[in-house]
Each structure stands twice: as C-alpha cells, then as structure tokens.
Amino acid sequence: MNVSSITQACSQQQSTVIMRRGLSVALGAVLITIALTACIGPVKPVPTQQSQEAPPPQTETADAPKPVASAPSDAPPPPPATLPVPLPPIGMGQATAPQGKDEMPVVEAKPVLVVASRESYVVQNATSGTKTDTPIMETPLNVQVIPQQVLKDQQVIQIDQALKNVSGVTTTTNVAGGGDQQLYLRGFATNTLFRNGVRIDNNLFGNGQQFANVERIEVLKGPAAILYGRVEPGGMANVITKQPLATPYYNLTQQFGSYDLYRTTIDATGPLMKDDTLLYRMNMSYLNSSSFRDLLTDKDVFLAPVLKWNISPRTQATLELEYQHQNNSSDTQFLPLVNNHVIDLPHSRNLVERDPQRTDTYFVGLNWVHQFNDNWSIKNQVAWKRRNIGVWFAFPDNIDLVNRQVNRTVYRNNLIIDTVTPTLDLTGHFNTWGLEHTLLFGGDYYYLNSSIGGENSTTSSTINLDNPIHPGPNLGTDPSTRFQFNTKTDNYGLYLQDQIKLPYHVHVMGGLRYQYVYSTSGFGFVNGPFTPNPTQTDHAVTPRVGLLWQPQHWLSLYSNYAENFGANPGLIGFGNTLLPPESAQQWEMGAKTEFFNGRLRATLAYYNLTKQNMATTDPAHPVECGGGPCSLAVGEVRSKGPELDIQGEILPGWNMIATYAYQDVRVTQSNDTAASGSTFLVGNRLQFVPRNVGSVWTTYEVRQGPLNGFKIGGGVNGQDGVVDAANVYKSPGYVLVGLMTGYSYQVGTSKVTARLNVHNLLDQTYFTNVTPFGTFGTGTFSTPRTFLGSITIEY
C-alpha cells in the first residue's frame, strides 16, 4: 500500500469517527434537553399568528370548504393597527369542509387538542401511508412529513435539500453523466416520485421537481406496493402541492445567492366568485443561475395554475395544470483514477463541454370528490404528464495522464416520457360490534410510454487535462449510429384496506392488492431491424398488516409486516424468457411519542427488509443468451437497522429536527463470483449507501419584545463513507454545517420577511459516490460555501 492510499484510508477513518462523535453529541444534547424540559412540565406557548384556515381536510370528506375559527388564546390581543396577514394553511392548503357530528374534532373527547400553526414543524395527519387522512400517532407505519415552515426556513429549491430532514434518505446526482437524480430509501435506489399520490416515473435526466407550488413532502418508509403498485421496497416520497383557498392570499419572494442565482416566485389565491364556488391558485417561478463549475448555466420557468369548483356542499372538482421549461447544462463530474485513487483537480474545471439540456414538462390533473353522506365518499383522480428532454453531452472515454489528455465521445439524445394515471377510491366509515372501521376500496391504472432516440460521434474529441480550450474538436455526431428504444407498460391494480379501532386504544390495519403488469419494449438501429424484446406479463398479490397500541395519548407502540412487488430487471434467462419481477418483505417495529401537547414528536423504528429475485449469473448457461451468460433471479439483498426522527417545538419559538439512521445493506445471496468480473457478490454492500447518516437542524424565533420577529438557526448533516458497486473504491464521508437568520415585521397589512442562509459554512471539499470507469471515476463534487438571501412580501 502506497503512502497516498494510507493517507486516504486514515482520512476516511477520521471522517467517519468525527461524524459519529458529532452526531452522537448533537443527538445526545437534544434528547437531554427534551427530557429536562419534559420533567419541568409543559410551558404555555406564546401565541403565534395562526392560519386563517383549519388543518387539512380529510381526503374522504367532500363538503364545501368553509373558514374555521382558530383556537382561542390567553394572550392579550394585538394592537388594532397591526392586522393579521392571511396565511395559507398547513397541509393541502384547503379549508376544512363541514363534518358530521361524529367527525367534529372539537367535540371528540381526546386528552389533547392541537390547532396547527403555520410556523409548526409538526404535521399531525398524513395521507401517504393509508390514502386516508389519518393521525400519524394512529398510523402503524413510519411516516415522516417535511412541512412548509421547514422548506421556508431552509430556503429549499431542490428535493435533495428537503429530504435530508428524514432519517435514512439520501440522494445522488450526476452519476455517470446525464444529470440524473436518484433517491435512496432504506438503502434501495429509486427514480420514482409521487405528486399528490400520483406516480411520476423515469427521471433519467433529473426529476426537475420545482418547489414554487410545494406545500409539504411526505415520506413513507418501507414497502408501499399495496396502495401504489410497483415501487422500490425502501419507501416513497410524496410531494403535496398547494391548493386554492377561500381567503385571498398573495406572496412575492425574491431570492438571490452565490454564483449569480436569482429566483422569483409568486403565489396568489382566493375566490373568483362572491359565493366562493370557484377558487383559484397561481404559482409561478423564474430561476437563473450559474455554478461553481465552468460552462454551467440554469434557466427555469414554471407555471402552475389550479382551479377548484365547489359544485355543491358535497361535491368539488379541481383542475391542475403545470408547465415547466428548463434550459440548463448536463454536468458530467469526473476525476482521473489510478489504482483506485483519485487524482484531484480543481473542482471548477469542466473537462466536457457546455452540454446543453432542454426540458419541457406538461402536467394536467383533474380530480373530483363526492360525499354521499356523512360516512361514505368517492374520489376520482386522473393525471397526464409529458416530459420532452433533448440533451447533448460529451462523456469521457479515457484519460491519458502521460500526455495530459481527455478523450471524449459526444452523444445526442431525445427522450419523450408520457404517463397517464387514473385512480378511483371509495372510502367508508362504519361500526360493527362496537368496532370503528375506515374502509378503503380502490383501483388504479398506470400507463408509461417511454421513447428514447439518439446518436453518437465516431471520432474522439480530445481536450487538454490542465488547460481545456472550449469548444473542443470533433463535436459532431454520426447519423448512421442512430438508435431507438421504446418501452410501454400497463399497470392495473385493485386494493382493499381496513383500519379498525379496537377497545383499549388498539388500532389494526390490514389490506391487500392485486397487481397485473403488461410490458413491451424494443430496440433498433437506423440501418437495422427494430427488434422487440419478449413481452412481460406479471401479477402478484401483496398484503400489508399493522398493529398499533396507544396506552397513553403521547405514546404509540407499533409493528407492521408488508410485502412488495417490484420492477423486472429486464434481463434474459435461459430460453429467452424475462426474469420474474423483484419481490420484498419487511418486518418493522417502533415507538412514537409526543411531548408538549403534540408540539414535538419522536419516532424510533427498527426494520428488517429483504429483497429477492435480483438478477445473478446463470453458471449453467454461460454463452446461451446473446453470446453471453444468461441470468437467474436468485439474488437477495437484506437491509436492516434503527432509525430515529425527532421534530417539533421544544420551547416557544424553538423548533428543531434531528435524524439518525444506521443502515446495514448487504448482498445475502448470489451466484456471481469475483472471477467472472461481477460486482453482485455475497457480503458486498450496496453502492452509495452510507452506514451512518444523520442531521440536526434548529431555529429560534423571538416572539415578543424589541426583537420580535427575529429568527436564527443552523444545522449539521453528514454521512460516513460509501462504496462503489464492486466495493473496491470507497468515497469519503462528510459533515456539512449550515446557518440561517431571518427577520419578519409588519408594514401596514403586509408582512415582510428577510432571510439569509449559508450552506457548507466550513467550505468542506470532497468527491463522493465515485463509480470507476477504468482511467477515471464519475461522482459528485461538493458545492463550496454558498449564500442564499431572500425578501418575501405577503398580504
């Protein structure tokens, strides 16, 4: 082992130790603070400005929205000259519909009554786990919510910035070029996002999620196949968008930051008719920025109008539209690699080209809800989305360190992705022998049509490693290399779920889904035949059961078992047959606690998740499948470990989030061997999955006195080292520090808020998620210290 390797190993070990100690100290301090405060007793909160709307409506309730008065406060009223600013509510951004007598929360005899504040870090109910509006403390699943106030305090404009607030969720970007972004939940990678429960697949060239109209993000841990069909077993991220309000509200935000970042967002909502039968909401944004990397620019235009029609007191319909136009750069980040050791270069140096990427995204969604009576309702949702992506990029072939040259191939691709998703849900509430049931019966259909065509250069484009001159030579592509690859998939599903309230505060949840999949694909070159692949037809029944006991209103103990139905790996077995789809099973147990009348919640969970039918080499047929080895679906990966999530208000004005996860994710079964060059070997860790990952974020806002409205905060997030697929190269871990400050004040009837966030305060430098490609490795550079400021006016 050479000196550089020893130095690198020591550095990685030191980084891991520092990260573990830092997170241990931070989490320990948080837990001690919570314990001491709990012993002292609840502190009466200083009243904060409440939303003019109530918490989000139940998805199965379809009455017309009406304003709901906020909870009374013991504090003296504000001066008459200072008028409250109308703020949109937490959750779906809708007013609460009138409810039946059995559903009125102010009548229900509960030991705790919480009226959610717009500034809250805690959301009481979520829909992603059950498709019904269920209190999280009564849900026998691990569901975490990133609310609107967290998105504001952290000035989130990308989804990876938001998801660091949930334990065990990590992201990768720019892996092997193309700007793709993958989410890792409980160790398993996915390119799938959900929008209000609607599936959005295939984010090969970046998911492009815009945050101008995002209300919150809900994350469900573990298999979600019962309600959402074919998904990775680690979990799902569901983006909840803003909805029209009956109370007029207007918001203008101007952001400005490092590397010429300028972002303008507008949010306007209110009634179009005097009787509130027609409501609207319009969200818009414009982004223009550069990068610490040479040649990179980003322009983004986003429009999202929503129209809601209150047809009758029991029937509503909502039409949602989105249009997004992006002109940015596809950034292939890589460094020379010698003996699995990275040769560092200035991270600003771009060794490819401007690599323009144009993306147009269109979305149309229509949903209607009808309530038959106080107990039964029906909901129908139909969504269509198209992404048209044109990308031109140069990708390295090899790096010649002797002559200091980089040889590149140029690619030109165009990708069109169409998805259509109709769903129909029938929800009912009824009692049998004293047991309260919430029954959900539904069906869905998901259609995916993906078409990608492209061509590449046949002559290498060479550029100097130390002094690249752009544009380089031979940047044209050869039309004779053009190819076309098409995929069409039809997914049909029926599901049934029952949530039962038993005596002694016991909650039981059970359900199952039948899934049928029909998929076709084909590939061809411009000068050759178009060859269809074997047709895939699969079906499966996936159950899920959960049990929760709430011995005290502040404590819930739960466990669940769930099975998953995943994607087909697309590989061929002997006899020209496709491998069966992947499957998974999970056992989970945990505890949820609430402190200070529900203002602070903590979730501690332990899970054991096993994924089967992963492709491995068929040793009995080494050359019978296209001249190469056939495959067998006998591979297995196991993921297990504890997770901790804490979020909420410790003292009046003091909010915090703390997360930690230990992930042991390894291959447990495989036919592959190191001699065959395979990377799927028994005992190997999955690539880009850190063992330890955690974060701490806290803010404090002064709520009275001369500094009223002043807020300050900061946080730490980090992870230890990750490995590549072969477990040969280990990327270092990192710990990043961030700070924020803000000030809000009244100007007449308007509220003005100024914020400043500093990311990577200590200017940490690293190159992580490395994938070796012979003489170089692709990965992700750390973003240097950056500043992001904003001015918001709302009234």
Review point. For the peptides 419-425, 436-442, what is the packing order when you average, over each peptide's residues, the other Cβ atoms within 10 Å and list the highest mean first?
Key: 419-425, 436-442
**Study point:** Contour minus Cα-Cα distance for Ala675 and Ala620 (0.36 nm per residue)
**Key:** 18.2 nm
Revision key, fill the gap. Heavy-atom accessible area with a 1.4 angstrom probe orders Ile712, Ile136, most exposed first, as Ile712, Ile136
Point to revise | Inter-site label distance for Tyr262 and Val364 at 7 Å from Cα along Cβ, in nm | key: 3.4
Check your understanding: Tally Lys/Arg at +1 and Asp/Glu at -1 over every other residue whose Cβ is under 12 Å from the Cβ of Asp618; what's the total?
Key -> -2
**Study point:** Packing-based ranking, highest mean first, of 775-782, 265-272, 465-472, 550-557 given that Cβ atoms within 10 Å are counted
**Key:** 775-782, 265-272, 550-557, 465-472
Practice item. Work through the residues other than Leu578 whose Cβ is under 14 Å from its Cβ and net out their charges, Lys, Arg +1 and Asp, Glu -1. Key: -3
Review point. What's the carbon and sulfur percent of segment 621-691's accessible surface, probe 1.4 angstrom, rounded to a whole number?
Key: 56
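The values are calculated or read from the model by the stated rules, or taken from the named source; none is laboratory data. None of the values given here were measured: they were computed from a predicted structure. Virtual Cβ from ideal backbone geometry, glycine too; neighbours counted across all protein chains shown. Remember, those area values only see protein heavy atoms, side chains included, never the ligands or the DNA or RNA. Shrake-Rupley method; radii C 1.70, N 1.55, O 1.52, S 1.80 Å.
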